[in-house]
Amino acid sequence: MDWSAWHNDYDRPGTPLARRLADVQGHLRTALADAPPGPLDVISLCAGQGRDLLEVLADHPRRTDVRARLVELDPRNTAVASAAVESLGLDQVEVVTGDASLTDQYVGLVPADVVLACGIFGNISDADVERAISFCPQLCKPGAVLLWTRHREAPDLAPAICEWFESVGFERLYLSAPDAGYGVGVHRYVGAGEPLRPGEQLFSFGSAR
């Protein structure tokens with residue numbers, strides 16, 4: 001998979017990926033707007049070119065409150081994200097070229113107020129999806145909002161994903177319809193929080209069936 005060319009569908013109106021991006025961005029705008037006053041920490045796992053977050057921060061009223069870290073392995077994508085950060089003057093956004101599956105990448109910015117886990121769950125095994133979700137309480141402050149994506153083609157894993165989130169202290173805020181052509185989920189962390197365990201691997205990317 002060419003993870004740089006994969007982003008091209010974002011610019012083709014009406015594609016499932018373009019519609020998914022709009023859905024994610026809408027819920028992200030709301031999450032930032034509804035967050036308590038003051039600084040906001042945001043992390044994005046497998047961030048790609050950062051469009052989920054950066055296009056929202058471009059004109060969001062809370063943009064100066066946000067400190068963010070985008071972690072992405074493909075240097076072509078991080079180059080695009082870094083250029084966008086610079087052009088938008090988002091000085092508090094850090095772009096990291098590295099393995100987003102490693103907990104060490106998030107030291108210093110978790111627990112976060114908003115966590116983006118988009119473009120991951122459709123590219124790892126079901127067991128790794130469940131494993132990654134089990135780590136999410138380490139990434140989230142109590143009350144944090146977590147956004148995730150996964151296709152809803154058969155076999156549709158979205159109901160199980162929601163159950164796995166709910167089993168570790170999250171409540172469901174939103175799940176896109178089965179016939180939307182894409183899958184977007186939004187959960188709020190209502191647990192007490194867990195300390196980050198360094199040196200752990202959340203998932204193995206590209207291990208899907």
**Message:** Along the Cα→Cβ direction, 7 angstrom out, place labels at SER167 and ALA127. What is the inter-label distance in nm?
**Reply:** 1.5 nm
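In nm, what is the difference between 0.36 nm times the number of residues separating ASP99 and ALA18 and their Cα-Cα distance?
Taking 0.36 nm per residue and subtracting the Cα distance, the gain is 26.6 nm.
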**Complete:** In a Gaussian network model of the chain with springs linking alpha carbons closer than 10 Å, the residue among CYS140, CYS162, CYS118 that fluctuates most is CYS162
**Message:** Multiplying the sequence separation of ALA83 and SER134 by 0.36 nm and subtracting their Cα-Cα distance, what value in nm do you get?
**Reply:** 15.0 nm
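Leaving ligands and nucleic acids out of the surface, order THR30, THR149 by accessible area at 1.4 Å, largest first.
Correct descending sequence by accessible area is THR30, THR149.
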**Farthest positive-ward along the stretch 4-150 dipole, Cα basis, beta-carbon charges - from VAL96, GLN49, GLY108** = GLN49
**Complete:** Env charge @ TRP148, Cβ radius under 15 Å, K,R +1 / D,E -1, value -3
**Request:** Subtract the Cα-Cα distance of THR64 and ALA160 from 0.36 nm times their separation in residues, and report this length gain in nm to one decimal.
**Result:** 30.9 nm
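The values are calculated or read from the model by the stated rules, or taken from the named source; none is laboratory data. Predicted model only: the values in this text are computed from it and were never measured. No Cβ is skipped: glycine too gets one built from the backbone with ideal geometry, and neighbour counts run over all protein chains shown. These area figures cover heavy atoms from the full protein model, side chains too; ligands, DNA and RNA do not enter into them. Shrake-Rupley method; radii C 1.70, N 1.55, O 1.52, S 1.80 Å.
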